[in-house]
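Below is one structure, written out as structure tokens, with a few remarks after it.
Every number here is computed from the coordinates shown, using simple stated rules; none is lab data. Keep in mind that what you see is a predicted model, and the values were worked out from it rather than measured. Cβ coordinates were reconstructed from backbone atoms using ideal geometry, including for glycine residues, and neighbour counts include every protein chain displayed.
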Amino acid sequence: MIEYNPEDVKENNDYSPWEVGNYESEIIEAVAMESKAGNDMIRLNLMLTNDDGGTTRIYDYIVIPNTLFKLKSICRCFSMEFDGTIDETILIGKRLMIQIGIDKGNEKYPPKNVVKKYIDGIGVQTKVEKPKVVATPPIAEDDIPF
């Protein structure tokens, strides 16, 4: 058993946006929902990692048809078909290099990071190969043990 003092935790209350640039990310949640305007959309929750091992989360919203180009870009990153349908849950756990920017915010909301571009998949085969089909040799009746 390990003992610790809960008072020793140092709170990080700095929620300022990260610098504009390219970061590794992982899609940790992908939810199909309806936008305020009534359009289909996918809300992505991305965990970003910086060079120091720090992490932060940002959301990205793919609204159909307005920001469909983002989904096309994600499909390109993972060599997936962009054919008119997608099960958003297959995106969960996928890792990407993304470019982030900063939304300046307004009176109601502080500045925040936003996805500017999906650059490339991390750890993804660039070429999807179909498995080879190997024919099973015929078995003579004499070789069957029963």
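Taking a spot 7 Å from the Cα of residue 66 along the direction of its beta carbon, which residues of region 26-42 have an amide N less than 13 Å from it? Residues passing the 13 Å test: 34-42. Local charge for residue 50 was computed over the other residues whose Cβ lies under 11 Å away, with Lys and Arg +1 and Asp and Glu -1, and equals -4.
When 73, 79 are sorted by how many other C-beta atoms sit within 10 angstrom of their C-beta, beginning with the fewest, the order is 79, 73.
The rule of thumb for compact globular proteins, 2.2 N^0.38 Å, goes into the C-alpha radius of gyration of region 1-71 1.54 times.
Taking the inverse of the mean reciprocal distance over all distinct Cα pairs, the Kirkwood hydrodynamic radius of region 17-121 comes to 14.3 Å.
Structure note, pairs 36/112; 70/94; 36/116; 94/117; 72/116; 70/117: Cα-Cα distances above 18 angstrom occur for 36/112; 36/116. Subtracting the Cα-Cα distance of residue 89 and residue 104 from their residue separation scaled by 0.36 nm leaves 2.3 nm.
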